[in-house]
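Read the figures in this text as sums done on the coordinates, not as results from a lab. Remember, it's a predicted structure, so these values are computed and weren't measured experimentally. Cβ: placed from backbone, ideal geometry, glycine included. Neighbour counts: every protein chain shown.
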Amino acid sequence: MRDASATRSRLLVAAMTVFAETGYAGATTRAIAERAGVNEVTLFRHFGSKADLMTEVMASQLGKLMPQFAAPSGDLEQDLIRIVTAYQEMVGTHARFIVTALSDVPRFPELKGVSDVPRRMIAAVAGMMARYQQEGLLQEEPAPVMAASLLTPLLFLAIARQSAPDLIGNGIDPALHVHRFLRGRLVEPTSAQKHASA
């Protein structure tokens with residue numbers, strides 16, 4: 001069982017590398033299997049098709065982030081900093097694969113499952129933001145739009161860093177990014193609330 005898990009992990013890593021290098025169309029299951037040090041039969045035993053494999057690669061990366069998007073802790077700013085930190089680390093490491101995978105989705109109907117993974121992630125972040133809206137801490141704005149506004153700049157910078165690392169640097173400070181994101185989105189306490197807390 002441990003060997004099967006290790007083989008699956010090697011295949012996912014190999015697939016991510018090959019997909020990032022060649023795109024979905026250019027990647028072959030033979031090349032992925034060879035990169036992982038296994039044969040194609042083993043690849044197909046773990047993953048039914050090349051499309052299933054790409055979907056699993058995306059799910060394995062974004063799935064690691066889902067615990068960060070669990071129920072709100074009650075501290076809006078710290079929750080968002082935690083999300084930004086985890087997301088920035090993931091896209092900084094895997095930006096090339098993510099961009100390649102998402103750009104291939106419209107051209108290959110069998111890759112619909114690939115786009116479902118980031119959609120679930122955005123929905124999870126939006127759900128957290130909606131909870132804070134219900135608690136009266138965030139302004140009314142479509143929660144999915146807020147979630148995309150928080151995360152999209154991080155992906156864009158990760159992509160830009162690949163082509164111009166000397167210009168982009170190491171990325172955004174998560175606390176500063178969240179502080180700027182929240183400016184204008186936080187619900188200001190009323191004068192009665194300010195008086196009551198004084």
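In a reduced charge model with +1 at each Lys and Arg Cβ and -1 at each Asp and Glu Cβ, the chain shows a dipole moment near 300 debye about its Cα centre.
Among D104, D166, D79, the residue with the largest mean-square fluctuation in a Gaussian network model of the chain, with springs joining Cα atoms closer than 10 Å, is D166. Measuring nothing but how far apart in sequence close Cα pairs (under 8 Å, 6+ apart) lie, relative to its length, the chain scores a relative contact order of 21 percent.
If R0 is taken as 41 Å, the Cβ-Cβ distance between F108 and E141 corresponds to a FRET efficiency of 0.75. Considering the values (1) 18.1, 62; (2) 21.3, 82; (3) 20.0, 70, which represents Rg and Dmax of the Cα atoms in Å as calculated for the structure under consideration? It is the one labelled (3). Note on A6 and D116: their simple-model spin labels are 3.2 nm apart, each label 7 Å out from Cα toward Cβ.
Each label was represented as a point 7 Å from its Cα along the Cα-to-Cβ direction; for A123 and Q162 these points are 2.7 nm apart. The residue list T55, A86, I32 was ranked by how far each Cα lies along the charge dipole of the stretch 1-112 toward its positive end, using unit charges on Cβ atoms, and I32 comes out on top. For the pair R45 and S149, a Förster radius of 35 Å applied to the C-beta separation gives a FRET efficiency near 0.25, rounded to the nearest 0.05. Spin-label model, E188 to A25: label points 7 Å out along the Cα-to-beta-carbon direction sit 5.3 nm apart. Remark on L138: its backbone amide H falls under 5 Å from those of Q133, V187, a criterion applied only to residues 5 or more positions apart or on other chains, H modelled at 1.01 Å from N.
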